[in-house]
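Structure record follows, encoded as C-alpha coordinates.
The values are calculated or read from the model by the stated rules, or taken from the named source; none is laboratory data. Since we're looking at a predicted model, the values are computed, not measured. Every residue, glycine among them, receives a Cβ derived from its backbone with ideal geometry; neighbour counts consider all protein chains shown. Remember, those area values only see protein heavy atoms, side chains included, never the ligands or the DNA or RNA. Shrake-Rupley method; radii C 1.70, N 1.55, O 1.52, S 1.80 Å.
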Amino acid sequence: MTSSMAPNSYNSYDIAIIGSGPAGMSAAIRASDAGASVIVLDEKPRSGGQIYRNVDASPLAQPEILGTDYLKGREITHAFHQCHAEHISAANVWHVGDSGELLFSLAGETHRITARQIIVATGAMERPFPIPGWHLPGVMSAGSAQVMLKSDGLVYEGAVFAGTGPLLYLIVAQYLRLGVKVKALVDTTTKQNYVSSLANITGALSAPSMLVKGLSLMNEIRKAGVKVYRFAEGLSVQGADQCQGLSFTQAGRQHHIDTDHLFLHQGVIPNLNMTQALGLKHQWSEQQLCWKPQLDKWSTSSKDLIAVAGDSSGIVGADSSAAMGRICALGQLLKMGLINEEQAEQEAASDFHFMAKQQVFRRFIDRLYRPADAHRKPSADNTVVCRCEERTVKDLKQGFALGGQEPNQLKSITRCGMGPCQGRMCGHTVSELLSEWRSQSVADVGYYRLRSPMRLISLQELSGMNDQTPAEVESSKGVSDQKQGEAQ
(Lines give C-alpha, C1' and ligand atoms only; values in the text may rest on other atoms or scores of the structure.)
Protein backbone atom coordinates (compact mmCIF):
# COMPACT_ATOMS: atom_id res chain seq x y z
CA MET A 1 0.00 0.00 0.00
CA THR A 2 1.29 3.48 -0.87
CA SER A 3 1.25 5.80 2.11
CA SER A 4 -0.41 9.22 1.78
CA MET A 5 1.81 10.44 4.58
CA ALA A 6 5.08 12.24 3.84
CA PRO A 7 8.13 10.40 5.22
CA ASN A 8 9.22 11.65 8.62
CA SER A 9 6.43 14.26 8.81
CA TYR A 10 6.22 13.32 12.48
CA ASN A 11 7.37 10.49 14.67
CA SER A 12 4.93 9.32 17.30
CA TYR A 13 7.31 6.84 18.90
CA ASP A 14 10.94 5.90 18.97
CA ILE A 15 10.16 2.18 18.77
CA ALA A 16 7.03 0.26 17.80
CA ILE A 17 6.98 -3.43 18.71
CA ILE A 18 4.55 -5.84 17.05
CA GLY A 19 3.80 -8.75 19.38
CA SER A 20 4.04 -9.15 23.15
CA GLY A 21 5.49 -12.61 23.61
CA PRO A 22 8.84 -13.14 25.37
CA ALA A 23 10.80 -11.28 22.67
CA GLY A 24 8.42 -8.31 22.39
CA MET A 25 8.04 -7.87 26.14
CA SER A 26 11.80 -8.08 26.79
CA ALA A 27 12.54 -5.56 24.05
CA ALA A 28 9.90 -3.18 25.42
CA ILE A 29 11.24 -3.40 28.97
CA ARG A 30 14.83 -2.69 27.96
CA ALA A 31 14.05 0.07 25.45
CA SER A 32 11.63 1.94 27.71
CA ASP A 33 14.09 1.72 30.62
CA ALA A 34 16.59 3.59 28.42
CA GLY A 35 14.12 6.42 27.96
CA ALA A 36 12.84 5.53 24.50
CA SER A 37 9.16 6.07 23.79
CA VAL A 38 7.82 2.59 23.05
CA ILE A 39 4.47 1.23 21.93
CA VAL A 40 3.63 -2.48 21.79
CA LEU A 41 0.83 -3.62 19.48
CA ASP A 42 -0.49 -7.13 20.01
CA GLU A 43 -3.41 -8.94 18.39
CA LYS A 44 -4.10 -11.01 21.51
CA PRO A 45 -6.21 -9.72 24.42
CA ARG A 46 -3.36 -10.24 26.91
CA SER A 47 0.41 -10.12 26.79
CA GLY A 48 2.47 -13.29 26.96
CA GLY A 49 2.34 -14.73 23.46
CA GLN A 50 1.55 -18.40 22.96
CA ILE A 51 4.03 -19.79 25.49
CA TYR A 52 2.85 -17.51 28.32
CA ARG A 53 -0.75 -17.17 27.20
CA ASN A 54 -2.97 -16.03 30.10
CA VAL A 55 -0.20 -16.72 32.62
CA ASP A 56 -1.42 -13.79 34.73
CA ALA A 57 -5.11 -14.73 34.39
CA SER A 58 -5.31 -18.49 33.96
CA PRO A 59 -8.78 -20.08 33.82
CA LEU A 60 -7.33 -23.13 35.62
CA ALA A 61 -7.67 -23.48 39.39
CA GLN A 62 -4.11 -24.85 39.50
CA PRO A 63 -2.14 -23.35 36.60
CA GLU A 64 1.05 -24.88 38.00
CA ILE A 65 0.05 -28.16 36.36
CA LEU A 66 1.02 -26.55 33.05
CA GLY A 67 4.64 -26.63 34.23
CA THR A 68 7.35 -24.41 35.64
CA ASP A 69 8.30 -23.10 32.20
CA TYR A 70 4.79 -21.68 31.86
CA LEU A 71 4.75 -20.08 35.33
CA LYS A 72 8.12 -18.49 34.61
CA GLY A 73 6.21 -16.14 32.37
CA ARG A 74 4.66 -14.39 35.37
CA GLU A 75 7.91 -12.61 36.11
CA ILE A 76 8.41 -11.19 32.64
CA THR A 77 4.74 -10.23 32.15
CA HIS A 78 4.76 -8.45 35.52
CA ALA A 79 7.91 -6.52 34.56
CA PHE A 80 6.34 -5.67 31.21
CA HIS A 81 3.19 -4.28 32.84
CA GLN A 82 5.34 -2.16 35.14
CA CYS A 83 7.55 -0.66 32.44
CA HIS A 84 6.87 2.64 30.66
CA ALA A 85 5.97 1.13 27.28
CA GLU A 86 2.41 1.65 26.04
CA HIS A 87 0.61 -1.60 25.30
CA ILE A 88 -2.36 -1.82 22.97
CA SER A 89 -3.99 -5.24 23.04
CA ALA A 90 -6.41 -6.65 20.45
CA ALA A 91 -4.62 -4.52 17.84
CA ASN A 92 -4.18 -6.14 14.42
CA VAL A 93 -1.31 -4.56 12.48
CA TRP A 94 -2.06 -4.87 8.78
CA HIS A 95 0.40 -2.48 7.14
CA VAL A 96 3.93 -1.28 7.85
CA GLY A 97 5.41 1.36 5.56
CA ASP A 98 9.04 1.98 4.65
CA SER A 99 8.89 5.35 6.42
CA GLY A 100 7.93 3.78 9.76
CA GLU A 101 4.17 4.14 9.34
CA LEU A 102 2.01 1.46 10.98
CA LEU A 103 -1.71 0.90 10.35
CA PHE A 104 -3.64 -1.29 12.74
CA SER A 105 -7.21 -2.25 13.54
CA LEU A 106 -8.60 -1.60 17.01
CA ALA A 107 -12.24 -1.92 18.05
CA GLY A 108 -13.39 -1.89 14.41
CA GLU A 109 -11.43 1.23 13.45
CA THR A 110 -8.15 1.79 11.65
CA HIS A 111 -5.44 3.73 13.47
CA ARG A 112 -2.15 5.13 12.22
CA ILE A 113 1.09 5.78 14.09
CA THR A 114 4.73 6.21 13.10
CA ALA A 115 7.95 5.03 14.69
CA ARG A 116 11.66 5.61 14.13
CA GLN A 117 12.39 1.91 14.62
CA ILE A 118 10.19 -1.21 14.41
CA ILE A 119 10.58 -4.64 15.99
CA VAL A 120 8.60 -7.55 14.56
CA ALA A 121 8.06 -10.17 17.26
CA THR A 122 5.07 -12.08 15.91
CA GLY A 123 6.32 -15.49 17.05
CA ALA A 124 5.79 -18.89 15.50
CA MET A 125 3.00 -20.98 14.05
CA GLU A 126 2.62 -24.71 13.75
CA ARG A 127 4.05 -26.37 10.69
CA PRO A 128 1.39 -27.61 8.24
CA PHE A 129 0.72 -31.36 8.48
CA PRO A 130 -0.86 -32.12 5.06
CA ILE A 131 -1.99 -35.72 5.30
CA PRO A 132 -5.19 -37.13 3.75
CA GLY A 133 -8.16 -35.85 5.74
CA TRP A 134 -6.32 -33.25 7.83
CA HIS A 135 -8.89 -30.65 6.72
CA LEU A 136 -11.87 -32.50 8.25
CA PRO A 137 -13.84 -31.15 11.23
CA GLY A 138 -12.49 -32.69 14.41
CA VAL A 139 -8.87 -32.41 13.27
CA MET A 140 -6.88 -29.56 14.79
CA SER A 141 -3.30 -28.75 15.62
CA ALA A 142 -1.90 -29.74 19.01
CA GLY A 143 -1.18 -26.07 19.56
CA SER A 144 -4.91 -25.41 19.26
CA ALA A 145 -5.46 -27.87 22.10
CA GLN A 146 -3.05 -25.86 24.21
CA VAL A 147 -4.67 -22.55 23.26
CA MET A 148 -8.10 -23.84 24.36
CA LEU A 149 -6.58 -25.16 27.57
CA LYS A 150 -4.74 -21.95 28.47
CA SER A 151 -7.48 -19.57 27.32
CA ASP A 152 -10.68 -21.24 28.50
CA GLY A 153 -9.73 -24.44 30.30
CA LEU A 154 -11.32 -26.49 27.51
CA VAL A 155 -10.21 -30.08 26.83
CA TYR A 156 -11.40 -33.10 24.83
CA GLU A 157 -11.72 -36.52 26.47
CA GLY A 158 -10.41 -39.47 24.48
CA ALA A 159 -8.50 -37.45 21.90
CA VAL A 160 -5.63 -38.83 19.84
CA PHE A 161 -2.40 -36.85 19.53
CA ALA A 162 -0.15 -37.56 16.54
CA GLY A 163 3.12 -36.24 15.19
CA THR A 164 6.56 -35.37 16.48
CA GLY A 165 8.32 -32.82 18.66
CA PRO A 166 8.64 -31.84 22.35
CA LEU A 167 5.45 -29.77 22.33
CA LEU A 168 3.39 -32.85 21.47
CA TYR A 169 4.56 -34.65 24.61
CA LEU A 170 4.14 -31.55 26.76
CA ILE A 171 0.49 -31.08 25.79
CA VAL A 172 -0.32 -34.75 26.36
CA ALA A 173 1.28 -34.52 29.81
CA GLN A 174 -0.73 -31.38 30.61
CA TYR A 175 -3.93 -33.20 29.65
CA LEU A 176 -3.03 -36.11 31.90
CA ARG A 177 -2.26 -33.84 34.87
CA LEU A 178 -5.78 -32.48 34.57
CA GLY A 179 -7.17 -36.00 34.71
CA VAL A 180 -8.19 -35.95 31.05
CA LYS A 181 -7.98 -39.30 29.28
CA VAL A 182 -5.85 -39.46 26.15
CA LYS A 183 -6.73 -42.35 23.84
CA ALA A 184 -3.33 -42.65 22.16
CA LEU A 185 -0.14 -40.87 21.21
CA VAL A 186 1.08 -41.68 17.70
CA ASP A 187 4.74 -40.66 17.39
CA THR A 188 6.04 -40.16 13.84
CA THR A 189 9.68 -39.55 14.84
CA THR A 190 11.69 -41.87 12.61
CA LYS A 191 14.33 -44.39 13.64
CA GLN A 192 16.73 -42.66 11.26
CA ASN A 193 16.29 -39.42 13.21
CA TYR A 194 17.42 -41.10 16.42
CA VAL A 195 20.51 -42.38 14.63
CA SER A 196 21.39 -39.14 12.82
CA SER A 197 20.82 -36.99 15.94
CA LEU A 198 23.71 -38.83 17.62
CA ALA A 199 26.00 -36.60 15.56
CA ASN A 200 24.73 -33.74 17.73
CA ILE A 201 24.80 -35.63 21.03
CA THR A 202 27.16 -33.04 22.49
CA GLY A 203 24.34 -30.56 21.96
CA ALA A 204 22.02 -32.68 24.06
CA LEU A 205 24.61 -33.03 26.80
CA SER A 206 25.22 -29.26 26.79
CA ALA A 207 21.76 -28.74 28.30
CA PRO A 208 21.21 -31.71 30.65
CA SER A 209 18.24 -30.09 32.40
CA MET A 210 16.34 -29.84 29.11
CA LEU A 211 17.22 -33.41 28.22
CA VAL A 212 15.99 -34.63 31.61
CA LYS A 213 12.80 -32.60 31.18
CA GLY A 214 12.03 -34.32 27.89
CA LEU A 215 12.70 -37.78 29.27
CA SER A 216 10.52 -36.98 32.29
CA LEU A 217 7.58 -36.11 30.04
CA MET A 218 7.91 -39.42 28.20
CA ASN A 219 8.08 -41.30 31.49
CA GLU A 220 5.06 -39.40 32.84
CA ILE A 221 2.99 -40.44 29.82
CA ARG A 222 4.18 -44.04 30.04
CA LYS A 223 3.24 -44.28 33.73
CA ALA A 224 -0.23 -42.92 32.95
CA GLY A 225 -0.83 -45.93 30.73
CA VAL A 226 -1.35 -44.02 27.48
CA LYS A 227 -0.91 -46.23 24.44
CA VAL A 228 2.11 -44.91 22.51
CA TYR A 229 2.80 -45.98 18.93
CA ARG A 230 6.36 -45.14 17.89
CA PHE A 231 7.82 -44.84 14.39
CA ALA A 232 4.37 -44.40 12.82
CA GLU A 233 4.17 -43.84 9.06
CA GLY A 234 1.53 -43.30 6.38
CA LEU A 235 -0.92 -41.32 8.52
CA SER A 236 -4.39 -40.62 7.13
CA VAL A 237 -7.57 -39.32 8.72
CA GLN A 238 -10.66 -41.45 8.22
CA GLY A 239 -14.12 -40.01 7.63
CA ALA A 240 -16.15 -38.33 4.89
CA ASP A 241 -17.50 -35.17 6.51
CA GLN A 242 -16.07 -35.53 10.02
CA CYS A 243 -13.00 -37.09 11.61
CA GLN A 244 -13.83 -40.65 12.58
CA GLY A 245 -10.36 -42.03 13.22
CA LEU A 246 -6.68 -42.18 12.36
CA SER A 247 -5.02 -44.89 10.28
CA PHE A 248 -1.27 -45.49 10.08
CA THR A 249 1.36 -48.19 9.75
CA GLN A 250 3.89 -49.23 12.36
CA ALA A 251 6.58 -51.83 11.79
CA GLY A 252 4.73 -53.01 8.70
CA ARG A 253 1.40 -53.43 10.49
CA GLN A 254 -1.72 -51.37 9.75
CA HIS A 255 -3.42 -49.69 12.70
CA HIS A 256 -6.67 -47.78 13.08
CA ILE A 257 -7.83 -45.77 16.09
CA ASP A 258 -11.41 -44.53 16.30
CA THR A 259 -11.66 -40.93 17.48
CA ASP A 260 -13.71 -37.79 16.89
CA HIS A 261 -10.86 -35.50 17.97
CA LEU A 262 -7.38 -35.65 16.49
CA PHE A 263 -4.58 -33.20 17.31
CA LEU A 264 -1.65 -33.07 14.87
CA HIS A 265 1.79 -31.57 15.40
CA GLN A 266 5.17 -31.71 13.69
CA GLY A 267 6.99 -28.71 15.05
CA VAL A 268 6.73 -24.96 14.63
CA ILE A 269 7.99 -22.49 12.04
CA PRO A 270 8.29 -18.68 12.00
CA ASN A 271 5.08 -16.76 11.37
CA LEU A 272 6.23 -15.33 8.05
CA ASN A 273 3.38 -13.29 6.66
CA MET A 274 4.43 -9.97 8.15
CA THR A 275 8.15 -10.26 7.42
CA GLN A 276 7.42 -11.44 3.87
CA ALA A 277 4.87 -8.70 3.26
CA LEU A 278 7.45 -6.16 4.46
CA GLY A 279 9.71 -7.25 1.65
CA LEU A 280 12.53 -8.35 3.95
CA LYS A 281 15.16 -10.67 2.54
CA HIS A 282 14.63 -14.29 3.61
CA GLN A 283 16.65 -17.47 3.42
CA TRP A 284 15.75 -21.14 3.51
CA SER A 285 16.97 -22.98 6.61
CA GLU A 286 17.74 -26.60 5.84
CA GLN A 287 18.24 -27.22 9.56
CA GLN A 288 14.73 -26.13 10.50
CA LEU A 289 13.09 -26.69 7.10
CA CYS A 290 11.57 -23.22 7.00
CA TRP A 291 11.99 -19.73 5.62
CA LYS A 292 13.38 -17.08 7.97
CA PRO A 293 14.49 -13.45 7.57
CA GLN A 294 18.14 -12.55 7.09
CA LEU A 295 19.38 -10.62 10.15
CA ASP A 296 22.60 -9.12 11.47
CA LYS A 297 23.98 -9.62 15.00
CA TRP A 298 21.54 -7.02 16.43
CA SER A 299 18.59 -8.70 14.65
CA THR A 300 18.30 -5.88 12.11
CA SER A 301 16.74 -7.01 8.83
CA SER A 302 17.55 -6.02 5.24
CA LYS A 303 15.57 -2.82 5.97
CA ASP A 304 17.50 -0.77 8.50
CA LEU A 305 14.51 0.49 10.49
CA ILE A 306 13.04 -3.02 10.97
CA ALA A 307 14.37 -5.71 13.31
CA VAL A 308 12.97 -9.18 13.91
CA ALA A 309 13.19 -10.94 17.27
CA GLY A 310 12.18 -14.26 18.79
CA ASP A 311 10.66 -17.21 16.98
CA SER A 312 9.61 -15.02 14.04
CA SER A 313 13.34 -14.88 13.21
CA GLY A 314 13.75 -18.67 13.27
CA ILE A 315 12.76 -21.08 16.04
CA VAL A 316 14.83 -20.34 19.14
CA GLY A 317 12.49 -21.04 22.09
CA ALA A 318 11.08 -18.84 24.86
CA ASP A 319 14.27 -18.16 26.81
CA SER A 320 16.32 -17.32 23.73
CA SER A 321 13.43 -15.18 22.46
CA ALA A 322 13.64 -13.08 25.60
CA ALA A 323 17.41 -12.76 25.18
CA MET A 324 16.98 -11.85 21.53
CA GLY A 325 14.42 -9.20 22.44
CA ARG A 326 16.92 -7.50 24.74
CA ILE A 327 19.65 -7.69 22.08
CA CYS A 328 17.27 -6.27 19.51
CA ALA A 329 16.37 -3.35 21.79
CA LEU A 330 20.05 -2.60 22.43
CA GLY A 331 20.71 -2.52 18.70
CA GLN A 332 17.94 -0.02 18.11
CA LEU A 333 18.92 2.12 21.10
CA LEU A 334 22.44 2.19 19.65
CA LYS A 335 21.18 3.37 16.26
CA MET A 336 19.18 6.15 17.92
CA GLY A 337 22.17 7.27 19.99
CA LEU A 338 20.55 6.50 23.34
CA ILE A 339 23.46 4.21 24.26
CA ASN A 340 26.99 3.88 22.90
CA GLU A 341 28.55 0.88 21.19
CA GLU A 342 30.68 -0.13 24.18
CA GLN A 343 27.62 -0.18 26.46
CA ALA A 344 25.60 -2.16 23.94
CA GLU A 345 28.33 -4.78 23.47
CA GLN A 346 28.96 -5.19 27.21
CA GLU A 347 25.31 -5.50 28.09
CA ALA A 348 24.53 -7.90 25.25
CA ALA A 349 27.50 -10.19 25.91
CA SER A 350 25.71 -12.50 28.35
CA ASP A 351 22.66 -12.82 26.07
CA PHE A 352 24.87 -13.57 23.04
CA HIS A 353 26.63 -16.27 25.07
CA PHE A 354 23.35 -17.74 26.28
CA MET A 355 21.86 -17.88 22.78
CA ALA A 356 24.97 -19.51 21.34
CA LYS A 357 24.78 -22.21 24.00
CA GLN A 358 21.09 -22.75 23.35
CA GLN A 359 21.71 -23.08 19.62
CA VAL A 360 23.95 -26.08 20.27
CA PHE A 361 21.03 -27.86 21.92
CA ARG A 362 18.65 -26.58 19.24
CA ARG A 363 20.65 -28.35 16.52
CA PHE A 364 20.15 -31.63 18.37
CA ILE A 365 16.38 -31.05 18.75
CA ASP A 366 15.98 -30.01 15.13
CA ARG A 367 17.76 -33.15 13.94
CA LEU A 368 15.88 -35.51 16.28
CA TYR A 369 12.42 -34.13 15.49
CA ARG A 370 12.93 -33.37 11.81
CA PRO A 371 9.50 -34.01 10.20
CA ALA A 372 9.38 -36.85 7.70
CA ASP A 373 9.38 -35.88 4.03
CA ALA A 374 6.11 -37.75 3.46
CA HIS A 375 4.36 -35.66 6.12
CA ARG A 376 5.60 -32.35 4.65
CA LYS A 377 5.31 -33.09 0.94
CA PRO A 378 2.08 -35.01 0.29
CA SER A 379 1.92 -37.36 -2.68
CA ALA A 380 -1.70 -38.60 -2.68
CA ASP A 381 -3.71 -36.67 -5.28
CA ASN A 382 -6.69 -36.16 -2.96
CA THR A 383 -4.69 -34.60 -0.12
CA VAL A 384 -5.75 -31.01 0.50
CA VAL A 385 -2.84 -28.54 0.45
CA CYS A 386 -4.71 -25.21 0.61
CA ARG A 387 -7.47 -25.55 3.19
CA CYS A 388 -8.95 -22.10 2.43
CA GLU A 389 -9.48 -22.72 -1.29
CA GLU A 390 -9.72 -26.54 -0.96
CA ARG A 391 -6.95 -27.14 -3.48
CA THR A 392 -5.50 -30.66 -3.59
CA VAL A 393 -2.20 -32.12 -4.71
CA LYS A 394 -3.92 -33.06 -7.98
CA ASP A 395 -5.01 -29.44 -8.52
CA LEU A 396 -1.46 -28.22 -7.93
CA LYS A 397 0.03 -30.81 -10.27
CA GLN A 398 -2.34 -29.64 -13.00
CA GLY A 399 -1.37 -26.03 -12.32
CA PHE A 400 2.29 -26.97 -12.46
CA ALA A 401 1.75 -28.64 -15.83
CA LEU A 402 0.08 -25.45 -17.09
CA GLY A 403 3.14 -23.36 -16.25
CA GLY A 404 2.90 -22.77 -12.49
CA GLN A 405 6.61 -23.29 -11.98
CA GLU A 406 7.03 -20.98 -8.99
CA PRO A 407 4.73 -20.19 -6.02
CA ASN A 408 3.18 -17.00 -7.38
CA GLN A 409 2.50 -18.50 -10.80
CA LEU A 410 0.93 -21.54 -9.17
CA LYS A 411 -1.18 -19.26 -6.98
CA SER A 412 -2.47 -17.37 -10.03
CA ILE A 413 -3.42 -20.56 -11.84
CA THR A 414 -4.92 -22.55 -8.95
CA ARG A 415 -5.85 -19.92 -6.29
CA CYS A 416 -3.79 -21.92 -3.80
CA GLY A 417 -2.74 -19.36 -1.19
CA MET A 418 -5.42 -16.79 -2.02
CA GLY A 419 -7.70 -17.59 0.93
CA PRO A 420 -8.26 -15.79 4.25
CA CYS A 421 -5.07 -17.19 5.82
CA GLN A 422 -3.05 -15.62 2.96
CA GLY A 423 -0.92 -18.70 2.46
CA ARG A 424 0.04 -19.28 6.08
CA MET A 425 -1.08 -22.90 5.99
CA CYS A 426 0.15 -23.83 2.51
CA GLY A 427 3.16 -21.63 1.77
CA HIS A 428 5.89 -23.95 2.99
CA THR A 429 4.18 -27.00 1.50
CA VAL A 430 3.95 -25.33 -1.92
CA SER A 431 7.63 -24.31 -1.83
CA GLU A 432 8.71 -27.85 -0.96
CA LEU A 433 6.42 -29.52 -3.51
CA LEU A 434 7.68 -27.26 -6.29
CA SER A 435 11.24 -27.96 -5.19
CA GLU A 436 10.59 -31.67 -5.60
CA TRP A 437 8.77 -31.34 -8.92
CA ARG A 438 11.43 -29.02 -10.37
CA SER A 439 14.36 -31.00 -8.88
CA GLN A 440 15.74 -27.75 -7.50
CA SER A 441 16.46 -26.45 -4.02
CA VAL A 442 13.70 -24.75 -2.03
CA ALA A 443 15.89 -21.65 -1.93
CA ASP A 444 15.74 -21.48 -5.74
CA VAL A 445 11.97 -22.02 -5.78
CA GLY A 446 11.15 -19.18 -3.39
CA TYR A 447 7.98 -18.30 -1.47
CA TYR A 448 4.74 -16.46 -2.09
CA ARG A 449 4.98 -12.73 -2.81
CA LEU A 450 2.87 -11.05 -0.11
CA ARG A 451 1.60 -7.49 0.21
CA SER A 452 -0.46 -5.32 2.56
CA PRO A 453 -3.00 -5.59 3.97
CA MET A 454 -1.48 -8.36 6.08
CA ARG A 455 -4.83 -9.10 7.71
CA LEU A 456 -8.42 -9.19 6.50
CA ILE A 457 -10.10 -5.80 6.92
CA SER A 458 -13.42 -4.35 5.84
CA LEU A 459 -13.86 -1.39 3.48
CA GLN A 460 -15.71 0.45 6.24
CA GLU A 461 -12.76 0.02 8.54
CA LEU A 462 -10.35 1.15 5.84
CA SER A 463 -12.34 4.32 5.16
CA GLY A 464 -12.14 5.56 8.75
CA MET A 465 -8.46 6.39 9.23
CA ASN A 466 -7.32 7.92 12.52
CA ASP A 467 -3.94 9.63 12.92
CA GLN A 468 -2.84 9.27 16.52
CA THR A 469 -0.25 10.83 18.78
CA PRO A 470 0.96 8.94 21.84
CA ALA A 471 -1.58 10.71 24.06
CA GLU A 472 -4.43 9.75 21.76
CA VAL A 473 -3.27 6.14 21.62
CA GLU A 474 -3.21 6.11 25.41
CA SER A 475 -6.83 7.29 25.37
CA SER A 476 -7.78 4.55 22.90
CA LYS A 477 -5.99 2.06 25.11
CA GLY A 478 -8.17 3.09 28.03
CA VAL A 479 -11.33 2.59 25.97
CA SER A 480 -10.07 -0.76 24.72
CA ASP A 481 -9.18 -1.93 28.22
CA GLN A 482 -12.57 -0.78 29.50
CA LYS A 483 -14.40 -2.74 26.78
CA GLN A 484 -12.30 -5.83 27.53
CA GLY A 485 -13.12 -5.51 31.21
CA GLU A 486 -16.87 -5.27 30.46
CA ALA A 487 -16.64 -8.32 28.17
CA GLN A 488 -14.95 -10.31 30.89
Expressed in square angstrom to the nearest 10, the accessible area of LEU305 with a 1.4 Å probe stands at 40 Å²
Against the 2.2 N^0.38 Å rule of thumb, the C-alpha Rg of the stretch 219-300 sits at a ratio of 1.65
Taking protein heavy atoms only, a 1.4 Å probe, and rounding to whole percent, the accessible area of the chain owed to carbon and sulfur comes out at 51 percent
Taking only the alpha carbons of the stretch 96-229, the radius of gyration and the largest Cα-Cα distance, Dmax, both in angstrom, are 20.1, 58
Matching label for the computed Cα extents along the principal axes in Å, out of (i) 67, 53, 48; (ii) 72, 57, 42; (iii) 74, 68, 38, is (i)
From most to least accessible, 1.4 Å probe, no ligand or DNA/RNA atoms counted, ILE51, ILE306 line up as ILE51, ILE306
Per-residue accessible area, 1.4 Å probe, largest first, puts THR300, THR249, THR68 in the order THR68, THR249, THR300
Order by accessible surface, 1.4 Å probe, largest leading, for residues VAL172, VAL228 comes to VAL228, VAL172
Over the chain, the sum of -39500 (n - 2.57) across DSSP H runs of at least four, divided by residue number and rounded to 500 deg cm²/dmol, gives at 222 nm -11500 deg cm²/dmol
For the stretch 259-390, the dipole about the Cα centre with charges only on Cβ (Lys and Arg +1, Asp and Glu -1), to the nearest 20 debye, works out at 240 debye
To the nearest Å², the heavy-atom accessible area per residue of the chain with 1.4 Å probe amounts to 43 Å²
With every protein chain in place, the accessible area of SER247 for a 1.4 Å probe, in Å² rounded to the nearest 10, comes to 10 Å²
Expected field for MET218, accessible surface area in Å² at 1.4 Å probe radius, rounded to 10, holds 50 Å²
By the Kirkwood definition, with r running over pairs of different Cα atoms, the stretch 37-168 has a hydrodynamic radius in Å of 17.3 Å
